[in-house]
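Trainee: What follows is a structure written as structure tokens; I'll ask about it next.
The values are calculated or read from the model by the stated rules, or taken from the named source; none is laboratory data. All values derive from a computational prediction rather than experimental measurement. Here Cβ is always computed from backbone atoms with ideal geometry, including for glycine, and neighbour counts include all displayed protein chains.
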Amino acid sequence: MREFFALAAPIDIYFHDSDHSYLNQLFEYQSVWPHIADGGWFLSDDVDCSHAWMDFTRTQGLHPDVLIDGRKAVGLTRKPPDAHAVPGPVRM
């Protein structure tokens with residue numbers, strides 16, 4: 001998977017909709033994140049199935065949004081436009 005993302009990078013918009021177990025979600029989030037373009041969008045379906053979305057975004061120092069329509073919860077966040085400029089502190 002990481003090899004594929006490396007070939008496809010930089011990715012402007014990524015929508016995760018795969019196995020929704022915690023470990024799989026976290027693995028895929030960590031695999032794709034380095035290949036998301038600065039200023040790119042990262043979305044994930046069914047973020048209410050585990051805590052992976054919130055744990056991942058927290059370790060990246062992001063403030064994610066969650067869209068809920070009554071039956072679905074979709075997480076979204078945007079990689080900072082200057083993400084590769086200077087690494088910042090990780091907020092926990």
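Trainee: Any chance region 41-51 includes a residue that's in a strand (DSSP E or B), at positive phi and surrounded by 13 or more Cβ atoms within 10 Å (Cβ to Cβ)?
Mentor: no
Trainee: I'm told PHE56 meets every condition in (1) under 26 Å from LEU7 (Cβ atoms); (2) surrounded by fewer than 20 Cβ atoms within 10 Å (Cβ to Cβ); (3) modelled with pLDDT of 90 or more except one. Can you identify the failing condition by its number?
Mentor: (2)
Trainee: Can you find, within region 1-40, the residue that is surrounded by the fewest Cβ atoms within 10 Å (Cβ to Cβ) among those that are part of a helix (DSSP H, G or I) and of a type in the set (Asp, Glu)?
Mentor: GLU3
Trainee: Then there is this: How many residues, within region 37-61, are farther than 11 Å from TYR14 by Cα and among the hydrophobic types (A, V, I, L, M, F, W, C)?
Mentor: Qualifying residue count for the region: 6.
Trainee: May I ask you to say which residue of PRO81, PRO34, PRO64 is over 12 Å from the mean Cα position of the chain (by Cα) and within 19 Å of ILE11 (Cβ to Cβ)?
Mentor: PRO81
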